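Below is one structure, written out as structure tokens, with a few remarks after it.
The values are calculated or read from the model by the stated rules, or taken from the named source; none is laboratory data. All figures in this text were calculated on a predicted structure; none of them were measured in a lab. Cβ placement follows ideal geometry from the backbone for every residue including glycine, while neighbour counts extend to all protein chains displayed. Quick note on the areas: whole protein, heavy atoms, side chains included, nothing else; ligands and nucleic acids left out. Shrake-Rupley method; radii C 1.70, N 1.55, O 1.52, S 1.80 Å.
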Amino acid sequence: PLMVSAVVGAFGWIVILGGYGTDFLKTVLIYDTENDRYQEKPPLPVGLLGVHFALYDGVIYGAGGEHRMRGRLSKLFAGNLGRSTSNRS
């Protein structure tokens, strides 16, 4: 099964990050719920599973997670997905 982490943003979008299929995934997708479309963004620096992501002021932060089987990371990731996904007015 495919397992991923996600963050819900403003304006009807969901960011889907990393996960596990046959290997650890670097994938970053934005799902537009209003138009039922996915947009691929630049990948994560490493394949990750089980990361805790949060959105604050237009920036997505991710902490921890696994980058290999039974291998926990002690890193913090941060990324801006661009103005089209910002929750600012």
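Run down 22, 27 and say which single residue is without any contact (Cβ under 8 Å) to a residue 40 or more places away in the chain, open to solvent by 70 Å² or more (accessible area, probe 1.4 Å) and more than 13 Å from residue 79 (Cα to Cα).
22
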* Could you tell me which residue of the range 1-15 is nearest to residue 69 (Cα to Cα), considering only residues that are open to solvent by less than 40 Å² (accessible area, probe 1.4 Å) and part of a strand (DSSP E or B)? => 5
* To do: Would you mind finding the one in 50, 64 that is modelled with pLDDT under 85 and touching an Asp or Glu at 6+ places or on another chain (Cβ under 6 Å)?
  => 50
* To do: Just need a number here: residues in the range 65-81 that are exposed (fewer than 15 other Cβ atoms within 10 Å of the Cβ) and of a type in the set (Gly, Ala, Ser).
  => 3
* Asked: Does residue 44 count as over 16 Å from residue 70 (Cα atoms) and within 11 Å of the chain's Cα centre (by Cα)?
  -> yes
